[in-house]
Amino acid sequence: MLQIFSDLATWLTYGIFNLDPNTKLADAIHFFIEDTTKIFALLVLMIYVIALVRASLNVERVRDYLAGKNRFVGYFMGSVFGAVTPFCSCSSIPVFLGFTSAGIPVGITMAFLITSPLINEVAILLLVSLLGWKFTVIYVAVGMSVGILAGAFLDAIHAERWLQSFAAKALEKGQAQANQSSNDTTQTTMTFAQRHQFAKDETLDIFGRVWKWVIIGVGLGAALHGFVPDGWIEAHLGNGQWWSVPAAVLIGIPLYSNATGVIPVMESLIMNGLPIGTTLAFCMATVAASFPEFILLKQVMQWRLLIIVFSILLISFTFIGWIFNFISPML
């Protein structure tokens, strides 16, 4: 399904605009069209569907299960859902908003949001062929662990108080509706027209708030696409010093890719002598802590929460890089 957006971008970039495929400009425009159309479609679809489900079903049992005594199960399931959905960091934002509107606790939502861009089935298959199954299993386990632990930490510090006002109100509204449904045994069933109107209104409200930031965020990512000159990273970070891992993380932040798109970059870096841990740290930062995601998340998070989330990611990626550099000779 997602191939449709790539085909559309290819048709517009090389067919309608008649740009040279070998230029960075064409690559950037293709990147911008593909990701913008994909995120807009996901934004509309996911918000509408989740709002329609909320208006149709009593979601309080699921919410209470995830929020109550089985909270760790909730973190795990959020991380698993993130691992099996083929979304990049920016594409995950619509699902984040949908979860929030459904009253799902912020920690569980963040477990999804952090895991989703790091792991998907295509990336796993490519990693197996590139690094072998041992590295791949460790990578998946580490990626999910980062999401689970981050979600637990964010719930522990009550991170929901640092959501933007509209997102916090959506969370409160979703939780209130779930509680009301749980306590109201005389609740009337909404007609399909009423459910559709509720879902449409919520979709238009959220889309109206974030659409321009999607364009800005993806536009920035497209402008920076291919920014680092070929061979620069291998030449400057290939000696395996301890500082090369955090340096690789910082270099990866301005760039933007999805887990599948970054695999060829990973292969090139490893083949040119960059240590595996340093390569992973760079690629994880590119996928899950990019400037475009930062811009989009700022629309749903206050600065304090945004800084906490990105600090968690950057520290995690650095430690993961050090760990993989240490264990790679043993595998």
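The values are calculated or read from the model by the stated rules, or taken from the named source; none is laboratory data. Just so it is clear, the structure is predicted and the values come from calculations on it, not from any experiment. As a convention, Cβ positions derive from the backbone with ideal geometry for all residues, glycine included, and neighbour counts pool all protein chains shown.
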> Can you tell me which residue in the stretch 161-174 is modelled with the highest pLDDT, limited to those that are part of a helix (DSSP H, G or I) and surrounded by fewer than 19 Cβ atoms within 10 Å (Cβ to Cβ)?
Replying inline: Arg161
>> Exactly one of these conditions fails for Ser116: (1) under 19 Å from Ala289 (Cβ atoms); (2) modelled with pLDDT of 85 or more; (3) not hydrophobic (A, V, I, L, M, F, W, C). Give me its number.
In response: (2)
>> So, restricting to helices (runs of 4 or more DSSP H) that lie completely within the stretch 1-107, which ones have at least 1 residues that are surrounded by 14 or more Cβ atoms within 10 Å (Cβ to Cβ), of a type in the set (S, T, N, Q) and modelled with pLDDT of 80 or more?
In response: 3-10, 24-56, 71-84, 93-101
